[in-house]
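*Asks:* This is the structure I have questions about; it appears just below.
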Amino acid sequence: MPPGAGADTIALKDGTRLEGVIEGELDGVALVKTQYGALNINRKDIVSVTKPEPPAAPAEPAAPAEPAAPAEPAAAEPPAESTGTAEPPPLPDLPPAAPSYTFKTVTLSTSAFEKIYYENETPLATELYDARGELMGVRGAIKDATYKEFYENGNVKTEKTMLNSKLSGTLRAYYPDGTPQSEASYLDGQLNGGVRVYGPTGKPLLEQNFRAGVPNGYFREFDAAGGMKSELFYVDGHIAEKPPAADVKPRAVTETPDSGVTGISRRLARGERITFHLNGKYVAKLNLDKDLNIIAREGKLPDGAVRIYDKAGAVDKELVFGKNELVLMKTYAAGGVLSAEYYYVDGKAVKK
């Protein structure tokens, strides 16, 4: 019997429920066939197997109702006496609360786990992964939004933005006490930009740079005190000679927090136009001349950094906003190397 409609419901000790069929058992391990593929699950972890309910018999058609007798006309009520005071107008309805987007990681067995996505606690979609973290299948539709996963103590464990069912923007992870654990930049589901890993005290442990999923730029490792232990430089996935120190301005390990906004640049005859989107929705626009001065803008942007990528997937610009104003811009050359920094005064770009 194919999995899906008509499949058994298999309950596990950790509360997970699977839809599938147990096709066999060997040495205490059950082979479960699901719509994603076959899973090996320890028989001791299976609490129950529930067969699907048979379809209900169609209901008998109801007998036609007898026509009702005409109602007697109601006597007119005399008009109420005026008290001289008007009823207060009804209060306006409160605006609907913004939807809450969350996800949960559930371990199915030693060979598989899944991520379940929710909107206001209603399941939207499920991703199934193998033990190596390779995506095996998706059921449902993941909405464009920023999702959070929580520890049992209520603190945020992970937060990430999904666009077109793929990671885009910054993926952040935290220790149970709320201390940052790691951050990684993604574009269209691939590592694209910096990766940072921190120890429980907040000291950096690792710093890496990628372009379209391939190592590009510096890979650094730090000791417990934050001192650098090793440093390698990659070009298109291969270890290469480090650029001359005078030409390299690597990003600081501690960067401006990402705002969660994505930006798309379009070249114009006299400069460029950058449009900004948050959770897949347009929020603002910025027009720059050839000297990067602001010539027009509209909309509102949250505080933080927004990265603009070129067609090859490399970081082209990084814009930092504060109080809805552009306060800093960084431009990059090939390989993620910082080429220039500008700060803004009354919309004018001033090079550092």
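The values are calculated or read from the model by the stated rules, or taken from the named source; none is laboratory data. In this text, all values refer to a predicted model and were calculated from it rather than measured experimentally. Backbone-built Cβ (ideal geometry, glycine too); neighbour counts: all protein chains shown. For accessibility, only protein heavy atoms count, side chains too; no ligands or nucleic acids. Shrake-Rupley method; radii C 1.70, N 1.55, O 1.52, S 1.80 Å.
*Asks:* With each label point set 7 Å from Cα along the Cα-Cβ vector, what nm distance links LEU26 and ALA296?
*Replies:* Output for this residue pair reads 6.8 nm.
*Asks:* So, one more: In debye, nearest 20: dipole of the range 138-191 around its Cα centre with unit charges on the Cβ of K, R (+) and D, E (-)? Kindly include the intermediate steps, with their values, before the conclusion.
*Replies:* Working: 7 positive and 7 negative charges, 43 e Å.
Result for the range 138-191 is approximately 200 debye, rounded to the nearest 20.
*Asks:* Could you name the lysines whose alpha carbon sits less than 22 Å from that of LYS157, not counting residues in the same chain fewer than 8 places away?
*Replies:* Partners found: LYS104, LYS115, LYS143, LYS148, LYS166, LYS203.
*Asks:* A further question follows. So, by mean Cβ neighbours within 10 angstrom, what's the order for 235-242, 269-276 with the highest one leading?
*Replies:* Top of the packing list down: 269-276, 235-242.
*Asks:* Which of the residue pairs LYS330/LYS352; LYS311/LYS348; LYS317/LYS352; LYS160/LYS311; LYS13/LYS44; LYS290/LYS352 have a Cα-Cα distance greater than 19 Å in the structure shown?
*Replies:* Listed pairs above 19 Å: LYS311/LYS348; LYS160/LYS311.
*Asks:* Report THR34's accessible area, 1.4 Å probe, all protein chains in place, as a number in Å² to the nearest 10.
*Replies:* Number for this one is 10 Å².
*Asks:* For LYS203 and ASN155, calculate 0.36 nm times their separation in residues minus their Cα-Cα distance, and state this gained length in nm to one decimal.
*Replies:* Going from the current span to full extension adds 15.2 nm.
*Asks:* So for each of 15-22, 152-159 I average, over its residues, the number of other beta carbons within 10 Å; can you give me the resulting order with the highest mean first?
*Replies:* The peptides rank, most packed first, as 15-22, 152-159.
*Asks:* Work out how much length ALA225 to LEU338 would gain on full extension: take 0.36 nm times their residue separation and subtract the Cα-Cα distance, in nm to one decimal.
*Replies:* 38.1 nm
*Asks:* For a Förster distance of 41 Å, can you work out the FRET efficiency between the beta-carbons of ALA11 and ALA212, rounded to the nearest 0.05?
*Replies:* After rounding to 0.05, the efficiency reads 0.50.
*Asks:* Right, another one. Based on the Cβ-Cβ distance from GLN35 to GLU121, what FRET efficiency comes out when R0 is 30 Å, to the nearest 0.05? Mind dumping the intermediate values first?
*Replies:* Numbers: r = 24 Å, r/R0 = 0.79.
Efficiency, from the Cβ-Cβ distance: 0.80.
*Asks:* Taking 0.36 nm per intervening residue step and subtracting the Cα-Cα distance, what contour gain separates ASN164 from LYS281 on full extension?
*Replies:* Here the answer is 40.9 nm.
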